[in-house]
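Participant: Please see the structure below; I have some questions.
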Amino acid sequence: MDRLRAAGCVFAEDEAALIASTARDQAEAAVMVGRRIAGLPLEHVLGWASFRGLRIAVDPGVFIPRRRTELLVAEALRVTAPGAVVVDLGCGSGALGAAVAAERPVELHAADIELAAVRCARRNLEPRLGHVYQGDLFTALPAELRGRIDVLLANVPYVPTNEIRLLPPEARLYEPHVTLDGGPDGLATLRRVAAGATGWLAPGGHVFVEMSEHQAPLARAVLADHGLTARITTDDQLGANVVSGTKPQATA
């Protein structure tokens, strides 16, 4: 703990306790402390992150699930019925899908373009919870899911390209930029998801994305422009903003 505190770790006592509970012996704990002092994110040092009460495996080079994203899961669970087809698109570690599947019996699928993320998500999801595929957004999914997805979780990157340099070093240096960079206005990947969502969602299906406060109205407009009924949900305590879109029910 003293080494962590001397290195400027704000929550040195808590981090020391987590390292001690994770390490198999004192030698491994010392190595982990050294990696943390060198600047690695705590979750990469531990090899796991806590998300909605679950211990999610997180490998180096894989996006770390944030606590604020628990709002996205909570909103998705409101409309997720038992047996629903759920897709975690751009899944990273698979934390979102795992959190939904922990509370509902669902048919879960997940996909990511990054091989490191796919390997990590498979550790968290397969074979018990769901299936994980590698590829770019919807192109990774089996064709038989088209028009059948009830709940689409898409925690896409939304940091504007020229703002990545302002992120904390733990994110900027140790997480893949493809998981952070949302293009010039932060909405580039969202637009691609919105363009494909109506074809992949079932009638009455829902898509959920996370955005910053100032981007949320723009994201709502993007979903609405693609025929989805869109709304914004905010949690000030978590500092989280979720934008959701619902595909209209089929008409007779």
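The values are calculated or read from the model by the stated rules, or taken from the named source; none is laboratory data. Nothing here was measured: the structure is a model prediction, and the numbers come from that model. Virtual Cβ from ideal backbone geometry, glycine too; neighbours counted across all protein chains shown. Areas reflect the complete protein model, heavy atoms only, side chains present, ligands, DNA and RNA absent. Shrake-Rupley method; radii C 1.70, N 1.55, O 1.52, S 1.80 Å.
Participant: Only one of ARG78, ARG67 is out of contact with any Pro (no Cβ under 7 Å at 6 or more places or on another chain) and over 24 Å from GLY204 (Cα atoms). Can you tell me which?
Facilitator: Going through ARG78, ARG67 in turn, just one is out of contact with any Pro (no Cβ under 7 Å at 6 or more places or on another chain) and over 24 Å from GLY204 (Cα atoms): ARG67.
Participant: Given the conditions (1) touching a residue at least 24 places away in the same chain (Cβ under 8 Å); (2) open to solvent by less than 30 Å² (accessible area, probe 1.4 Å), report the number of the one that LEU108 does not fulfil.
Facilitator: With (1) touching a residue at least 24 places away in the same chain (Cβ under 8 Å); (2) open to solvent by less than 30 Å² (accessible area, probe 1.4 Å) applied to LEU108, the lone miss is (1).
Participant: Go through the stretch 209-223 and report how many residues are within 19 Å of VAL151 (Cα to Cα) and open to solvent by less than 50 Å² (accessible area, probe 1.4 Å).
Facilitator: Counting residues in the stretch 209-223 that are within 19 Å of VAL151 (Cα to Cα) and open to solvent by less than 50 Å² (accessible area, probe 1.4 Å) gives 6.
Participant: Restricting attention to the stretch 104-144, and to residues there that are small (Gly, Ala, Ser) and touching an Asp or Glu at 6+ places or on another chain (Cβ under 7 Å), which single residue is farthest from VAL209 (Cα to Cα)?
Facilitator: The selected residue is ALA116.
Participant: Select, from ARG123, ARG68, the only residue that is within 24 Å of ASP236 (Cα to Cα), touching a residue at least 12 places away in the same chain (Cβ under 8 Å) and basic (Lys, Arg).
Facilitator: That would be ARG68, the only listed residue that is within 24 Å of ASP236 (Cα to Cα), touching a residue at least 12 places away in the same chain (Cβ under 8 Å) and basic (Lys, Arg).
Participant: Given the residues ALA195, ALA154, ALA202, which is the only one that is of a type in the set (A, V, I, L, M, F, W, C), out of contact with any strand residue (DSSP E or B) (no Cβ under 9 Å at 6 or more places or on another chain) and under 16 Å from THR246 (Cα atoms)?
Facilitator: Going through ALA195, ALA154, ALA202 in turn, the sole match is ALA195.
Participant: Those residues that are open to solvent by less than 40 Å² (accessible area, probe 1.4 Å) and more than 22 Å from ARG55 (Cα to Cα), I need them from the stretch 19-38; list them, please.
Facilitator: GLY34 - this is the single residue of the stretch 19-38 that is open to solvent by less than 40 Å² (accessible area, probe 1.4 Å) and more than 22 Å from ARG55 (Cα to Cα).
Participant: On to the next question. Of all residues in the stretch 52-66, count the ones that are farther than 15 Å from PRO176 by Cα, out of contact with any Lys or Arg (no Cβ under 7 Å at 6 or more places or on another chain), aliphatic (A, V, I, L, M) and crowded, with 19+ Cβ neighbours inside 10 Å.
Facilitator: Counting residues in the stretch 52-66 that are farther than 15 Å from PRO176 by Cα, out of contact with any Lys or Arg (no Cβ under 7 Å at 6 or more places or on another chain), aliphatic (A, V, I, L, M) and crowded, with 19+ Cβ neighbours inside 10 Å gives 1.
Participant: Here's something else I'd like to know. With respect to TYR158, is the statement that it is within 26 Å of LEU77 (Cα to Cα) and either among the hydrophobic types (A, V, I, L, M, F, W, C) or surrounded by 16 or more Cβ atoms within 10 Å (Cβ to Cβ) (or both) true?
Facilitator: yes
Participant: Based on what the data block shows, is ALA38 out of contact with any strand residue (DSSP E or B) (no Cβ under 6 Å at 6 or more places or on another chain) and not basic (Lys, Arg)?
Facilitator: yes
Participant: Among the residues of the stretch 37-66, write down those that are under 16 Å from the mean Cα position of the chain (by Cα) and part of a helix (DSSP H, G or I).
Facilitator: Correct list: GLU43, HIS44.
Participant: Can I ask one more? Out of THR69, THR80, I need the residue that is part of a helix (DSSP H, G or I), modelled with pLDDT of 95 or more and surrounded by 16 or more Cβ atoms within 10 Å (Cβ to Cβ). Which one?
Facilitator: Result: THR69 is the single residue among THR69, THR80 that is part of a helix (DSSP H, G or I), modelled with pLDDT of 95 or more and surrounded by 16 or more Cβ atoms within 10 Å (Cβ to Cβ).
Participant: So for the stretch 113-129 (the condition being buried (at least 23 other Cβ atoms within 10 Å of the Cβ), in a strand (DSSP E or B) and on the phi < 0 side of the Ramachandran plot), does at least one residue qualify?
Facilitator: No - not one qualifying residue is present in the stretch 113-129.
Participant: Right, next: For THR233, which of the numbered conditions (1) open to solvent by less than 30 Å² (accessible area, probe 1.4 Å); (2) over 19 Å from the mean Cα position of the chain (by Cα); (3) farther than 27 Å from ALA116 by Cα fails to hold?
Facilitator: Status for THR233: all satisfied but (2).
Results for (1) in contact (Cβ under 8 Å) with a residue 40 or more places away in the chain; (2) aliphatic (A, V, I, L, M), shown as yes or no for each residue.
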site: THR22; (1), (2): no, no
site: GLY34; (1), (2): no, no
site: LEU40; (1), (2): yes, yes
site: PRO60; (1), (2): yes, no
site: ALA74; (1), (2): no, yes
